[in-house]
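See below for the structure under consideration.
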Amino acid sequence: MAEMTYRDAVARGIAQEMTRDPDVVFLGEDVAKAGGVFKATVGLFEQFGPLRVRDTPISEQAILGAAMGAAMTGLKPIAEIMFSDFFAVCFDYIANEFPKSRYMSNGQTKCPLVVRTGNGAGSRFGAQHSQSVENWCMMIPGLKVVAPSTPRDVIGLMAAAVRDPDPVIFFEHKSLYPMKGEVPDGEIVDTLGSAKIVRPGKDATICALALMVPRALAAAETLKSEHGIDCEVVDVRSLVPLDTQTILGSVARTHRLFTVEENPRLCGWGAEIVSIVADEAFYELDGPPVRITTPHIPLPAADILEDIVLPTPQRIAETVKRSLGS
Amino acid sequence: MAEMTYRDAVARGIAQEMTRDPDVVFLGEDVAKAGGVFKATVGLFEQFGPLRVRDTPISEQAILGAAMGAAMTGLKPIAEIMFSDFFAVCFDYIANEFPKSRYMSNGQTKCPLVVRTGNGAGSRFGAQHSQSVENWCMMIPGLKVVAPSTPRDVIGLMAAAVRDPDPVIFFEHKSLYPMKGEVPDGEIVDTLGSAKIVRPGKDATICALALMVPRALAAAETLKSEHGIDCEVVDVRSLVPLDTQTILGSVARTHRLFTVEENPRLCGWGAEIVSIVADEAFYELDGPPVRITTPHIPLPAADILEDIVLPTPQRIAETVKRSLGS
Amino acid sequence: MALQNERPSGSAGLNDDIGEKKRLELYRTQVVIREAEQRAFDLFLQNLVKGTSHLSLGQEAVAAGFACAMQKGDLSFCTYRGHAHTLARGVSVEKVLGELMQRDNGLMRGKGGSMHLTSEEHGVMGSYAIIGAHLPIACGAAWRAQYKGDKDVSVCFFGDGTTNIGAFHEALNFAAVWKLPVVFVCENNLYMEYTPIGDVTAVKSPAGDRAAAYGLEKIVIDGNDADVVYRAARAAFEKARAGNGPSLIECLTYRHSGHSRADPAKYRPEGELEKWKLRDPIKIYKDRLKQFGVRPKAIDDIDASVRQEVDDATEACKRAPMPPLDILTTDVYADGGWAWRN
Amino acid sequence: MALQNERPSGSAGLNDDIGEKKRLELYRTQVVIREAEQRAFDLFLQNLVKGTSHLSLGQEAVAAGFACAMQKGDLSFCTYRGHAHTLARGVSVEKVLGELMQRDNGLMRGKGGSMHLTSEEHGVMGSYAIIGAHLPIACGAAWRAQYKGDKDVSVCFFGDGTTNIGAFHEALNFAAVWKLPVVFVCENNLYMEYTPIGDVTAVKSPAGDRAAAYGLEKIVIDGNDADVVYRAARAAFEKARAGNGPSLIECLTYRHSGHSRADPAKYRPEGELEKWKLRDPIKIYKDRLKQFGVRPKAIDDIDASVRQEVDDATEACKRAPMPPLDILTTDVYADGGWAWRN
Ligand SMILES: Cc1ncc(C[n+]2csc(CCOP(=O)(O)OP(=O)(O)O)c2C)c(N)n1
Ligand SMILES: Cc1ncc(C[n+]2csc(CCOP(=O)(O)OP(=O)(O)O)c2C)c(N)n1
Ligand SMILES: [Mg+2]
Ligand SMILES: [Mg+2]
């Protein structure tokens, strides 16, 4: 057991897999010699050398296309797209190539790769470097999508993603990079598609992801201590596959659902979970399922504005309290 | 009043606006001399000449980027992206540039443009030329998104889109191009953000869009004639702005909601509407809100497979019937 | 620049650097493509080919020249206009026509369709329908070869119009910087869909005049002469296998039919098609064989056997069932299914 | 290729083709950038500049040379490294520093931030933070000028690393084919973020060696000499205004600081920075002025007045309030609001 940052967990997770399997290779902009602009991949170049850890030109389409071609023919590439906002310049691979090639070829084409990226707000970077775009990927059939909230999950889900035979989009939250957490020694391998109940509770279910998990937990503490409302917090962790059993099971116990997401409001993963629950557990619900989201606006740069735009523990707690009528 | 195809309505709608305003210009691949690969823009080149109707290289980023630069500085461009699947190669403009520039510049930058595109399945084109991607745009704050289902709406919404001061994504359904409908003579101008109740009913609300509108109507006929279930069908028409008043108003009368969408299942516009209704009209609902969607898979090419993958009138009717417990 | 248009000199004749066996293979491959594509067109007129289809009638020499220079294990990355390249690697006519007819005997049982022919066992690593997408993908396959020390070459085919999209640029630079064993083949058939390439391109040779931007040699060849194509392919493959990096080869050719089945190709100037038909690759090659002394009977035998193969394939496809409905949801994920939830 | 490095010859001296007035403007512009950027750095160390920031210390001559050759109405399209180009068009130091400090007096009241400076009244049509995105956008503005018969030129600034992304290629071809009045300016400062451009680029001159791929002249100039830049800009603008299409100009320069505020730039080889500092654009230009006989006092006066301006701006920004929270949801749409529903 050691304490380690989410940032360092990224390098450890990748190193664990590169050590295990010589077919795992890693490419991206400034990731090798410089160790990545978020310093999340420091040391990999030194440890695994220039053939396995490679700097690329500013060519996101080439990065993802090359990862795909390599994956199709026997490697297990990990590609970095520096900021998830840049998925927009290479979206063809994410939306049209990775997830469709196996299906179109009637099962011939394989695509075992991982795209890891810095997602989310909090760094005062403004509208083009702060987005939370998990839903851009969740909406595409054929992808798998994960977003860890702790250093331990970074390692375990990275291992699961690298070992998975399908294309996995791996969202690291930029604001979590400096966060610390306990991490066991030795190999860590998690499973894709399993949510985690990170706080049990009986009055309401709060589903959260990535940076929203600690915020939901903080809100749950306030709700409990100040209002006696006992919330169950589910760290969704994996959007595809989606652990609907854990979510539906929780709602069956608490009879209320809240989702807390960093996506702007429309068509986020919160809408998906609400829709599933509203359809399949309608008669379990004692009140409306409520989404707590970033408002449907571009993100502002100024700290004072950015601090109020994402769901805060306070906004989460107030929304739950108001909705439960306490 | 004249009968006209949805295809011809496209050219008429564009011509109406180009005649009215010399700042309206039109660009895209093979759109000018050849009249478009769907023949939806035949005659515009001849009518408005080579300076206003321009063929471009296969450079979707240049097409949308140029449209934006022109829009910022005084023109009102209409850009064609041939198939909506190709939004993936120019998604940066759709996701990061058009919708954020006004906000980031604190209101300085304008972006009055229209992107029109062939959307949807039914032509046996396979996974990369058949997608329904309205949700790719609905999820992005700052865009407006429309999808007409009739020739009349094509003209009226095209006019509204061209005259709108914001970036509008205009989805034409490829399978509707040959469909005919009555169109009044003279100028037609509709408004963005208004849904239409295309069939009143009292037992359930069915929200549909584009090709799903005639299918929902067909299902409603069957439900009425064979099962006595009287469905209200709402043609959503505009995803952003979204006419929630019409939708919530309908649900307040029928107490049941169904959405019929061509989007693959996860994070489609159906999830958004279901979430809004589940939150805001929870106590109006007499039963679970149900989404009827394309399954969450890439689209197959073969006719026999494609014919069962989208929601059919039969599947819609069966789902509604089963859910209403009749 | 190497405009590799010249005939081999000297008196080696049929037994020159190419040789009789390879020449007969080159001829047969072209005839297979010609006959199968023509049949696809006929079947479309009978409403038996659904969806779209993009034929390579007139462009057979490019596909044959490259495929016949490839070794087993070399990889082809094609476009929607990929029937020719798929057939050239040895995929059966039946499997190709079956896919176009969306039958259960098709190469992908109708799931992919005409634009996405894939046969990994033949090295056909997919046909891609988003312009430019497969150029970076081919780089990736070549990167794997480089990394693993495999000796195969990745060959990526695309059209003139494709040279104007961003992915072209990114792939070429990437391949050159990483010195990847990939060969980019631009089939310049003078048109994108309906627009002449010259109307939308800043240079005369859409690929050739861009080669220098990636530190590559300008190579523009006669794409209607299979010998010329074969030699250019062989040289590029040798270079790639020797670790000397990518090549970009522009092949001048012409499609005899429209862009896709919907296109009557009215936009062509009068006489253009006729002019190019004088340089029909099959005609050129038949003459070449005769000139080298191959007996007309041997040529006729090839023609007849190909026609038989295409006839048999057609019948087999007509008899073949439609795909079963349960394949709709198979092979989304590697576990064979499509479950996105538990 | 025109390596426009030469000094004007003859005895015209200060009153040559550039002249005294313009030279003092060029000098002052460079000093404004130098002082304001240095101040931004200092304020960052005091934790008063939030988020990221990308300085142009060392690259002042490019911004000054182009801006001073522009006319009112000409349009600048910049990157996240856009403070220099924004200041060079006459936007006040206060408005720029205010935006970096995310205050209500900032150019966009803190809504855009350091990477997105925009001042349409000064012709600064935005700063774009997705690599390559603004090259096609600049084409569009130029298309409007061409269509309307306006005489303005669109000028698009970007770095060496940007030449490897797809949008670069699409924009250059598009501009060339449509003969648009747009000037593409590549500031080659030898690095993308932390990676030397030579490690990831197939040619020596990332922009210059690509010009021919778009039928354009290769122009690579000394980007640290404002006179050289000014003359190249003037020539390109004349060409554009005359309807003769786009230019692509590569300016060789160097950034004195790291890529962004987070970067100590340890990846540079020893001595590189020092070597380039010998060619500091401000030093070069100060010497030029002296050599042409401008009195040291006149130069000192400029320096002092700029420093005063920057000091005053700094104080104003420190005093300025934070933006009010209600602007969070304004100006998403043209009606001033953000309503996506009724
Ligand atoms: C990104 C993208 N844009 C547009 C298209 C539509 N499209 C299909 S084929 C084609 C023309 C391609 O021309 P070229 O590269 O010369 O190939 P050819 O068809 O002539 O073989 C176009 C524009 C597409 N499939 N993908
Ligand atoms: C599409 C995209 N990819 C990557 C980045 C991250 N990024 C920001 S600046 C930069 C380096 C740009 O280098 P260059 O074009 O030389 O400009 P410079 O910063 O040197 O002025 C990179 C990679 C980005 N902003 N957008
Ligand atoms: Mg072509
Ligand atoms: Mg640079």
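Remarks
- Candidates are the residues of the stretch C:185-198 that are closer than 20 Å to C:LEU75 by Cα and touching a Ser or Thr at 6+ places or on another chain (Cβ under 7 Å); the one that is nearest to ligand 3 (Cβ to nearest atom) is C:GLU187.
- In the stretch B:292-310, residue farthest from the chain's Cα centre (by Cα) [restricted to those that are over 15 Å from A:TYR103 (Cβ atoms) and within 14 Å of chain C (Cβ to nearest Cβ)]: B:ILE304
- Complete set of residues in the stretch A:270-319 that are among the hydrophobic types (A, V, I, L, M, F, W, C), under 30 Å from D:GLY106 (Cα atoms) and outside any helix (DSSP H, G or I): A:ILE297, A:LEU299, A:ALA301, A:ALA302, A:LEU310
- Hits in the stretch C:155-166 (condition: closer than 18 Å to A:SER59 by Cβ and either more than 8 Å from every other protein chain (Cβ to nearest Cβ) or in a loop (DSSP other than H, G, I, E, B) (or both)): C:CYS156, C:PHE158, C:THR163, C:ILE165
- Flag set for A:ASP92, criterion: buried (at least 24 other Cβ atoms within 10 Å of the Cβ), among the charged types (D, E, K, R), within 16 Å of ligand 2 (Cβ to nearest atom) and under 30 Å from C:ASP104 (Cα atoms).
- Candidate set: the stretch B:133-170, residues that are within 18 Å of B:PHE83 (Cβ to Cβ) and in a helix (DSSP H, G or I); chosen: the one farthest from the other protein chains (Cβ to nearest Cβ): B:VAL154
- Scanning the stretch B:57-100 for residues that are outside any helix (DSSP H, G or I), in contact (Cβ under 8 Å) with a residue 12 or more places away in the chain and either within 7 Å of chain D (Cβ to nearest Cβ) or in contact with a Cys (Cβ under 9 Å, 6 or more places away or on another chain) (or both) turns up B:PRO57, B:GLY74, B:LEU75, B:ILE81.
- Test: residue in the stretch D:119-127 that is facing chain B (nearest Cβ under 10 Å), within 20 Å of D:MET192 (Cα to Cα) and within 12 Å of the chain's Cα centre (by Cα): yes
- Yes/no for A:ILE229 being modelled with pLDDT of 95 or more and part of a helix (DSSP H, G or I): no
- Close pairs from the stretch C:271-282: first under 19 Å from C:GLU35 (Cβ atoms), partner part of a helix (DSSP H, G or I), Cβ under 7 Å, at least 6 apart: C:PRO281/C:GLN30; C:PRO281/C:GLU60; C:PRO281/C:ALA61; C:PRO281/C:ALA226; C:ILE282/C:GLN30; C:ILE282/C:VAL31; C:ILE282/C:ARG34; C:ILE282/C:GLU60
- For B:ALA40, the conditions (1) more than 14 Å from chain D (Cβ to nearest Cβ); (2) in contact with a Pro (Cβ under 8 Å, 6 or more places away or on another chain); (3) small (Gly, Ala, Ser) all hold with the exception of (2).
- Residues of the stretch D:253-276 satisfying the condition of being within 12 Å of another protein chain (Cβ to nearest Cβ) and within 15 Å of ligand 2 (Cβ to nearest atom): D:GLY258, D:HIS259, D:SER260, D:ARG261, D:ALA262, D:ASP263, D:ALA265, D:TYR267, D:ARG268
- Index of the failed condition, D:THR79 passing every other in (1) touching a Phe, Trp or Tyr at 6+ places or on another chain (Cβ under 7 Å); (2) away from chain A (no Cβ under 14 Å): (2)
Listed here are the residues, each with its yes/no results for (1) crowded, with 24+ Cβ neighbours inside 10 Å; (2) within 16 Å of ligand 2 (Cβ to nearest atom); (3) more than 14 Å from chain D (Cβ to nearest Cβ); (4) under 20 Å from B:GLU60 (Cα atoms).
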| residue | (1), (2), (3), (4) |
| --- | --- |
| C:CYS139 | yes, no, no, no |
| C:ALA145 | yes, no, yes, no |
| C:ASP150 | no, no, yes, no |
| C:VAL153 | yes, no, yes, no |
| C:PHE168 | yes, no, no, yes |
| C:PHE174 | yes, yes, no, no |
| C:ILE197 | no, no, no, yes |
| C:ALA235 | no, no, yes, no |
| C:CYS251 | yes, no, yes, no |
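- Selection count, the stretch D:155-166, where residues are under 20 Å from C:ILE131 (Cα atoms) and either within 12 Å of ligand 4 (Cβ to nearest atom) or surrounded by fewer than 24 Cβ atoms within 10 Å (Cβ to Cβ) (or both): 1
- Looking only at the stretch A:101-132, and only at residues there that are more than 7 Å from every other protein chain (Cβ to nearest Cβ) and within 30 Å of C:GLY123 (Cβ to Cβ), the one that is farthest from ligand 2 (Cβ to nearest atom): A:PRO112
- Checking D:ALA207, D:ALA212 one by one, the residue that is free of Cβ contacts under 8 Å to residues at least 60 places away in the same chain and away from ligand 2 (no atom under 16 Å from the Cβ) is D:ALA212 and no other.
- Matching residues in the stretch C:199-216 - criterion: being within 21 Å of C:VAL155 (Cα to Cα), within 14 Å of ligand 3 (Cβ to nearest atom) and crowded, with 23+ Cβ neighbours inside 10 Å: C:PRO206, C:ALA207
- Segments classed as strands (runs of 3 or more DSSP E), wholly inside the stretch C:181-278, with at least 1 members that are hydroxyl-bearing (Ser, Thr, Tyr): C:247-252
- Among the conditions (1) within 16 Å of ligand 1 (Cβ to nearest atom); (2) farther than 26 Å from C:THR162 by Cα, the only one that D:PHE174 does not satisfy is (2).
- Within the stretch D:69-85, considering residues that are within 23 Å of D:TRP143 (Cα to Cα) and among the hydrophobic types (A, V, I, L, M, F, W, C), the one surrounded by the fewest Cβ atoms within 10 Å (Cβ to Cβ): D:MET70
- Residue within the stretch A:269-284 that is away from chain D (no Cβ under 14 Å), surrounded by 21 or more Cβ atoms within 10 Å (Cβ to Cβ) and over 21 Å from B:GLY287 (Cα atoms) present: yes
- A:PRO241 falls short of the stated requirement of being free of Cβ contacts under 8 Å to residues at least 60 places away in the same chain, within 27 Å of A:TRP136 (Cα to Cα) and not assigned by TED's automatic domain parsing to the domain that holds A:ALA147.
The values are calculated or read from the model by the stated rules, or taken from the named source; none is laboratory data. Owing to the predicted nature of the structure, the values given are computational and were not obtained by experimental measurement. So basically every Cβ, Gly included, is an ideal-geometry build from the backbone, and we count neighbours across all protein chains shown.
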